[in-house]
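See structure below.
The values are calculated or read from the model by the stated rules, or taken from the named source; none is laboratory data. Please read all numbers here as calculations on a predicted model, not as lab measurements. Heads up, the Cβs are rebuilt from the backbone with ideal geometry, glycines too, and the neighbour counts pull from every protein chain shown. Keep in mind that these areas ignore ligands, DNA and RNA; they rest on the heavy atoms of the full protein, side chains included. Shrake-Rupley method; radii C 1.70, N 1.55, O 1.52, S 1.80 Å.
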Amino acid sequence: MRIDVKQEVLDALNEGRGVVALESTIISHGMPYPENYEMAKKVEQIIRDNGATPATIAIIDGVIKVGLEEDELLYLSQAKNVLKVSKRDFGYCVSKNLTGATTVSGTMIVADLVGIYVFATGGIGGVHREGENTFDISRDLEELANLNVAVVCAGAKSILDLGLTLEYLETKGVEVIGYKTDKLPAFFTRSSEFNVTHRLDTPKEIAELLDAKWQMIDGGVVVANPIPEKDSLDEKMINKIIDDALIEAKEKGISGKETTPFLLAKVKELTKGKSLEANLALVYNNAKVAAQIAKELEKVSNNE
Ligand code: PSU
Ligand code: MN
């Protein structure tokens with residue numbers, strides 16, 4: 001297999017130290033340059049500052065990389081021809097020696113291959129609004145169903161149907177753990193009308209849940225970590241903007257894998273960049289919590 005694990009990540013894995021996976025679609029398709037590059041570097045630093053090892057995952061010239069160098073992060077931040085890689089795209093991307101950014105789904109697959117159990121991102125994909133008609137349900141939910149990876153996110157954006165996404169996750173046996181919250185966070189805002197499956201208030205309890213679950217059952221866990229209060233956006237404002245973005249996507253006939261990047265860029269434009277600031281803040285917050293969980297998991301698995 002064409003997979004290249006960076007030495008620092010390999011050492012951490014071999015020594016049973018906490019590693020946090022990071023996705024690359026958020027870099028190449030989720031945010032504009034240069035903020036995406038700054039984010040990619042800072043998020044790794046936050047994970048280090050909290051005692052874990054970061055592993056940003058992508059495919060570079062047909063090689064699956066676990067842990068990227070700065071020049072590779074820069075390339076992914078600027079290049080226009082980067083594929084968005086979820087499960088169905090690996091064979092093509094690798095066999096054609098192409099460069100691809102992994103989605104939550106793609107990143108979970110690679111994390112699982114190398115034995116990384118904790119993953120930090122912004123938001124997961126889910127069931128899109130009107131998904132009951134379009135069948136637009138993110139592959140992310142299937143990997144969450146199958147693979148032993150905990151994904152720390154700020155919930156999901158209300159470009160999705162949050163209610164249907166939760167129902168789908170329930171069917172697939174994926175618990176949504178609210179970190180210090182009873183309500184599902186809605187990415188830009190700290191809560192929604194929906195309840196999480198269970199609430200836990202410390203990284204230690206989350207690590208204990210993961211350890212207990214994985215001794216019995218395979219499958220992912222969503223850790224929903226609300227955006228910090230000071231960075232959250234006004235609910236009415238952001239919901240109106242998301243509605244406008246959805247109308248425009250429909251008018252332009254945007255569909256399939258283009259939908260999420262289109263909506264993210266449109267929301268950024270309509271909020272005059274405020275959504276990007278919020279997005280950055282919540283990613284940093286998720287990186288911190290993910291590193292703390294990875295550290296605790298290290299202790300639990302080593303029976304300390
Ligand atoms: N949601 C965000 N930001 C993102 C994504 C989702 O708020 O960058 C990205 C993630 O990589 C996620 C992917 O896995 O979009 C989902 O795409 P789709 O809806 O096409 O499955
Ligand atoms: Mn989709």
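Observations, loosely collected:
- Close Cβ contacts (under 6 Å, 6 or more residues apart or on different chains) running from residues in the range 134-159 that are without any contact (Cβ under 8 Å) to a residue 60 or more places away in the chain to residues that are more than 9 Å from ligand 1 (Cβ to nearest atom) and of a type in the set (G, A, S) comprise I137/G131.
Residues are listed down the side, and each one gets a yes or a no for (1) surrounded by fewer than 17 Cβ atoms within 10 Å (Cβ to Cβ); (2) under 20 Å from G18 (Cβ atoms):
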site: E69; (1), (2): yes, no
site: S77; (1), (2): no, no
site: K84; (1), (2): no, no
site: T103; (1), (2): no, no
site: M108; (1), (2): no, yes
site: A120; (1), (2): no, yes
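- In the range 216-242, the residues that are surrounded by fewer than 12 Cβ atoms within 10 Å (Cβ to Cβ) form Cβ pairs under 8 Å with partners that are not aliphatic (A, V, I, L, M), at six or more places apart or across chains, as follows: I217/G173; E229/R190.
- Flag for V85 being more than 9 Å from ligand 1 (Cβ to nearest atom), closer than 29 Å to D243 by Cα and within 15 Å of the chain's Cα centre (by Cα): yes
- The range 94-133, residues that are free of Cβ contacts under 8 Å to residues at least 40 places away in the same chain, more than 16 Å from ligand 2 (Cβ to nearest atom) and part of a helix (DSSP H, G or I): S95, I109, D112
- Residue check for F90: assigned to a strand (DSSP E or B) and either free of Cβ contacts under 8 Å to residues at least 60 places away in the same chain or open to solvent by less than 20 Å² (accessible area, probe 1.4 Å) (or both): no
- Any chance L233 is assigned to a helix (DSSP H, G or I) and touching a helix residue (DSSP H, G or I) at 6+ places or on another chain (Cβ under 8 Å): no
- Criterion: open to solvent by 50 Å² or more (accessible area, probe 1.4 Å) and either away from ligand 1 (no atom under 16 Å from the Cβ) or over 20 Å from the mean Cα position of the chain (by Cα) (or both) - qualifying residue of R190, R199: R199
- In the range 176-187, residue farthest from I242 (Cα to Cα) [restricted to those that are under 16 Å from the mean Cα position of the chain (by Cα) and either in a loop (DSSP other than H, G, I, E, B) or touching a residue at least 60 places away in the same chain (Cβ under 8 Å) (or both)]: Y179
- Test: T165 is over 13 Å from the mean Cα position of the chain (by Cα), open to solvent by 20 Å² or more (accessible area, probe 1.4 Å), of a type in the set (S, T, Y) and within 16 Å of ligand 2 (Cβ to nearest atom): no
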